[in-house]
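Following: one structure in structure tokens, then a few remarks.
Please treat every number below as a calculation from the coordinates, not as lab data. The shown structure was predicted, so the numbers you read here are calculated from the model rather than taken from an experiment. FYI the Cβ positions are ideal-geometry reconstructions off the backbone, even for glycines, and counts take in every protein chain you see.
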């Protein structure tokens, strides 16, 4: 028994070390004024506006805010205490990632998993987020914060279900999370469908309450911000061809997803497996649907990643039900699961954590690139009138108001509302100066991948 226990501790240590290793890069990068992603400086601008006018611009503006309001107020309020909302938002993102790992482990426990299985699931979800979705971990973006709040709702929901209590308050917490980020939908949909399947008519009352609260919340937003819906429904190109791209981007989570599906199918008569199948299925479906929208990126996959983490944690716990258990034994199957997932995590050419730990020359590049950001901001500050910066952080440091949004203007062209020539003419009429930022002002300029070539940045926002 002691040998088996020691082996399991070693397996957890492997995943834990991998998670800690990949967290080095987003944590180190977060404290420099380099643009981490398209929504990094964009969110900071709207956080600056949270307690004043302009949070939702006019319909004819060249800027659109298609995020619900609560995250802007939350980060702005923290910013009044801790400093610049840009860095506060990044810190919250890092803490939310760790929190999601803890919450995932709690859910695994609630669904019958043991202590080792819950720790394994929590460590794996942190590792996969920090490894494969590191452009969001440590970015000033509310996605991970919303996921964290939504998972609190799921934990509360499962707790109440297990004790025969009402599910209304947990569902309302999920609604609250939706007003931080509106595309975090797999958890509430799973909870609602689970209630309908198991509670029948008893589910109607909480569902009606939830619907009324959502309606009241949206109406309040529209009354508070007359252009709320105009912003939230900003034009965007949709294409089912993007689903093929989305399928390809499942590669990072695919091994864990397969393990989760195999286990839940073999245990499909049991409640934990059925709940997991529903959660994973809805996470996959909503991910693919969201990816039909132009510029939707990998944050749409987070619901699926979390659901998969729950599933793979339970598969680890119930390893005896997996196909190879008769040959390898329970400990052997668990070792195989960890080996497969560890190899997939480590199959990367990204070496930034190693360089941060051991290469002083690489670490010295960060303040040098930060100095370039400040130098560019000084140039922009001397330009009269409206300036459109490819890097929003540069314009914000320069004290320029946010008057041109690359995403909105790009979608104007992509949806056919304006031609590129008409957009250029509109810029001229409004006196917009286009400032092309030095690539060194972006954190991706310090990416070190020994295999892959660097893709050009895109104006992604969902």
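General remarks:
- Tilt relative to the chain, helix 360-381 - C-alpha long axis, 0 to 90 degrees, to 10: 40 degrees
- Computed over the stretch 247-342, the P(r) curve from all C-alpha pair distances, binned at 10 Å from the origin, holds 17, 45, 28, 9, 1 percent per bin.
- Pairwise label distance in nanometres, residue 451 with residue 262, each label 7 Å out on the Cα-Cβ vector: 2.2 nm
- With a Förster radius of 60 Å applied to the beta-carbon distance between residue 168 and residue 6, the computed FRET efficiency rounds to 0.85.
- Computed helical MRE - 222 nm, the chain, DSSP H runs ≥ 4 contributing -39500 (n - 2.57), nearest 500: -21000 deg cm²/dmol
- Counting every other Cβ atom within 10 Å of each residue's Cβ, 369, 374 order from fewest to most as 374, 369.
- Spatial offset of the stretch 186-236 relative to the stretch 106-174 amounts to 20 Å, using the alpha carbon center of each.
- Each residue, residue 198 and residue 433, gets one label point 7 Å from its Cα in the Cβ direction; the gap between the two is 6.2 nm.
- Extension gain, residue 292 to residue 13: 0.36 nm times the residue separation minus the Cα-Cα distance gives 96.6 nm.
- Semi-axis lengths (Å, descending) of the ellipsoid that matches the C-alpha gyration tensor of the stretch 302-453: 48, 24, 12
- Using alpha carbons only: equivalent-ellipsoid semi-axes of the stretch 364-446, gyration tensor based, whole Å: 26, 15, 8
- Histogram of C-alpha separations across the stretch 86-233, 10 Å bin width, %: 11, 34, 33, 19, 3, 0
- Ordered by the number of other Cβ atoms lying within 10 Å of each residue's own Cβ, fewest first, 55, 423, 223 fall into the sequence 223, 423, 55.
- When both bridge partners sit in the chain, DSSP labels roughly 25% of those beta bridges antiparallel.
- Where Rh is the Kirkwood radius over Cα pairs, Rg/Rh for the chain: 0.98
- Dividing the alpha-carbon radius of gyration of the stretch 1-145 by the rule-of-thumb value 2.2 N^0.38 Å gives 1.27.
- Taking 0.36 nm per residue of separation and subtracting the Cα-Cα distance, full extension of the segment from residue 285 to residue 214 would add 23.3 nm.
- Modelled label reach - residue 270, point 7 Å along Cα→Cβ, the stretch 190-215 residues with backbone N closer than 17 Å: none
- As a proxy for reagent exposure, ranking 88, 243, 312 by other Cβ atoms within 10 Å from fewest up yields 243, 88, 312.
- Summarising the label geometry, the points placed 7 Å from Cα in the beta-carbon direction at residue 247 and residue 223 lie 4.7 nm from one another.
- Working from Cα pairs under 8 Å separated by at least six residues, relative contact order for the stretch 345-462 is 36 percent.
- Backbone N atoms of the stretch 230-250 closer than 12 Å to the 7 Å Cα→Cβ label point of residue 414 belong to residues 235-240, 242.
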